[in-house]
Amino acid sequence: MISWPPATLSAIVEADDLKISPLREDGVTFGTPTWIWCVAVDGDLFVRGYHGASSRWYVAALAHPDGRIHAAGAVFDVTFETAPAELADAIDAAYERKYAKSPYLAPMIASGPRAACLRIVPRRP
């Protein structure tokens, strides 16, 4: 697995402007960029579907694991992977630290979004 360079990962998480674009059903064209919260845990980048497993971008990312993200002024080709279940508590904690003042925090650490969590991995050029 390829890792994010630490400076790039930090820039993505701190910019808080990540937009996710999984491939569409045709497996060729990218979907409309959707803004989504992101956090870093143990050097990896994670996102959750606010509407759980029914989030459209989440369904698309599972169907076609390659995609793109737009973040920190750049576009990255990525692969989406199901987040390891054993990291769920650490990912919750990262969301709690980063979004402590948001009224949307409680739903993001609820069971639905928690079950719809992906790791975003950079793809080799």
Close pairs (6 angstrom Cβ cut-off, 6 or more residues apart or separate chains): touching a residue at least 12 places away in the same chain (Cβ under 8 Å) in the range 80-92, part of a helix (DSSP H, G or I) anywhere | 80/61; 88/114
The residue that is surrounded by the most Cβ atoms within 10 Å (Cβ to Cβ), considering only those in the range 78-107 that are of a type in the set (Asp, Glu) and in a helix (DSSP H, G or I), is 92
Residue among 75, 47, 59 that alone is surrounded by 17 or more Cβ atoms within 10 Å (Cβ to Cβ) and either outside any helix (DSSP H, G or I) or among the β-branched types (Val, Ile, Thr) (or both) | 47
Residue that is surrounded by the fewest Cβ atoms within 10 Å (Cβ to Cβ), among those in the range 34-44 that are under 21 Å from residue 75 (Cβ atoms) and of a type in the set (A, V, I, L, M, F, W, C) | 35
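Only the coordinates and a few stated rules stand behind these numbers; no lab work does. A quick note: this is a predicted structure, and the numbers were derived from the prediction, not measured. Glycine also receives a Cβ, built like all others from the backbone with ideal geometry; neighbour counts cover every protein chain displayed.
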